[in-house]
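The values are calculated or read from the model by the stated rules, or taken from the named source; none is laboratory data. All values reported here derive from a predicted model rather than from experimental measurement. Positions of Cβ are generated from backbone atoms using ideal geometry, with glycine treated the same way; all protein chains shown enter the neighbour counts.
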Amino acid sequence: MHPLITDFLEHLAAGTIPATTLKALRGDLATLERWYTTARGRPLRLEDVTPLDVDAWMRHTTVADQTEAAPATANRRKQSLRRLCQWAIDQQVLRTDPTRDMRDLPLGDRAPRSISDAAVDRLLHAARQHADPEQALRDEAMLSILAFCGLRVEELCQLTIADLNLSSGTDTVRHGKGGKRREVHLLPRLDALLRRYLTEVRCPHDGIPARTSAAAAQSLWVHRTNLDGRPWTPGLTQHTVQLFVRAFAEREAEQCRADAATARRRDQRMALERLAEELAGVTPHTFRHSLLRRLIEQGVELPEVQAIAGHSSLRVTGIYLTPHEGTRRSAIERGADLRPTRKGSNHDRH
């Protein structure tokens with residue numbers, strides 16, 4: 001990696017920057033160096049980077065992918081480069097910032113992808129069906145935290161035993177996005193499930209440790225080092241969570257399609273086909289989007305949703321006000337319903 005980038009990252013690592021932010025910066029700047037070397041045919045020199053270079057790199061995906069990077073990704077890349085340039089200017093090794101006059105790309109009005117309660121329930125049911133009862137309990141507990149607490153996948157993986165306070169019904173996110181700390185309330189339905197996970201899987205021998213003990217500082221989650229069975233080992237990676245959520249979703253989507261093919265009634269067939277569409281491509285973050293949208297639809301005030309999500313501004317939370325595809329589809333179907341109404345109904349009077 002370019003020495004200037006290495007120095008910048010080491011400077012940040014010596015401070016209080018969250019590990020997730022540092023990881024994102026490292027990835028963005030490594031992408032910049034690879035892109036510049038390939039596209040411009042020479043090693044990266046930060047002083048040679050122009051606004052046109054930045055614009056091309058922001059939109060770059062891969063050679064195989066003919067689409068542009070998502071606007072949110074492109075804007076994050078620009079912000080990463082801006083942080084590097086500002087630091088380099090402060091160090092007097094760079095005179096100008098090529099991103100200085102560049103505006104963010106518009107995010108558009110596309111609503112975050114979310115799924116219905118039926119799809120969430122289907123995935124939780126799938127987690128319970130694992131042949132290994134201990135793994136089924138762990139998977140259901142993790143999916144439930146994603147579905148009913150709205151945590152990001154990195155926040156989920158960073159949870160420790162001490163972060164889970166069942167007596168007060170709260171879950172502490174110590175290192176949210178931007179290093180923010182927040183308390184997340186646990187639904188009563190999660191209490192019994194999480195207690196079972198702790199006593200039967202996570203801490204089956206010594207009992208749940210005191211929240212101030214060294215044992216409680218270990219990861220809340222465990223994984224198997226041997227696919228044939230035991231032992232469980234503390235810790236879980238984001239990639240592992242992403243893989244098993246994808247596997248659950250694909251399996252359930254396939255089952256919905258199979259059930260739709262044998263359904264006799266047209267409405268049942270259509271419902272199963274829509275459920276399969278929802279489940280296809282579900283990621284851990286889909287659970288977060290679904291919870292936040294559900295809160296909005298149930299009338300929870302935007303500032304409260306912002307606090308639950310850990311968003312830095314109401315503008316970010318406001319994207320959940322945009323109707324998603326399922327809502328638009330239902331509205332059209334209601335509007336196109338031409339069945340006759342009962343005499344004396346509102347439809348007759350207006």
Checking the conditions here, which among 27, 15, 41 is farther than 30 Å from residue 157 by Cα and free of Cβ contacts under 8 Å to residues at least 24 places away in the same chain? 41
Look at segment 255-307 and say how many of its residues are more than 12 Å from residue 320 (Cα to Cα), within 15 Å of the chain's Cα centre (by Cα) and of a type in the set (A, V, I, L, M, F, W, C). 2
Filter segment 15-48 down to the residues that are surrounded by fewer than 12 Cβ atoms within 10 Å (Cβ to Cβ), outside any helix (DSSP H, G or I) and more than 27 Å from the chain's Cα centre (by Cα) and list them by number. 41, 42, 43, 45
Being buried (at least 18 other Cβ atoms within 10 Å of the Cβ) and more than 18 Å from residue 285 (Cα to Cα) is the filter; apply it to segment 127-148 and report the residue that is farthest from the chain's Cα centre (by Cα). 134
Residues that are part of a helix (DSSP H, G or I), under 31 Å from the mean Cα position of the chain (by Cα), among the aliphatic types (A, V, I, L, M) and modelled with pLDDT of 90 or more: does segment 59-78 have at least one? no
For residue 149, are the conditions met, namely being over 19 Å from residue 243 (Cβ atoms) and outside the structural domain of residue 293 (by TED's automatic domain parsing)? yes
Output for segment 286-304, where each listed residue is among the aliphatic types (A, V, I, L, M) and more than 30 Å from residue 250 (Cβ to Cβ): 300, 302
Give 325, 250, 297, 301 a once-over and let me know the one that is modelled with pLDDT of 90 or more, among the acidic types (Asp, Glu), surrounded by fewer than 16 Cβ atoms within 10 Å (Cβ to Cβ) and not assigned by TED's automatic domain parsing to the domain that holds residue 147. 250
Residue set 98, 112, 51; condition outside the structural domain of residue 25 (by TED's automatic domain parsing), surrounded by 13 or more Cβ atoms within 10 Å (Cβ to Cβ) and at pLDDT 90 or above; output residue 98
Could you run through segment 30-56 and say how many residues are under 27 Å from residue 179 (Cα atoms) and out of contact with any Lys or Arg (no Cβ under 9 Å at 6 or more places or on another chain)? 2
Test residue 275 against the criterion of being within 30 Å of residue 177 (Cβ to Cβ) and touching a helix residue (DSSP H, G or I) at 6+ places or on another chain (Cβ under 6 Å), and give yes or no. no
Taking residue 207 as meeting all but one of (1) surrounded by 14 or more Cβ atoms within 10 Å (Cβ to Cβ); (2) at positive phi, write down the number of the exception. (1)
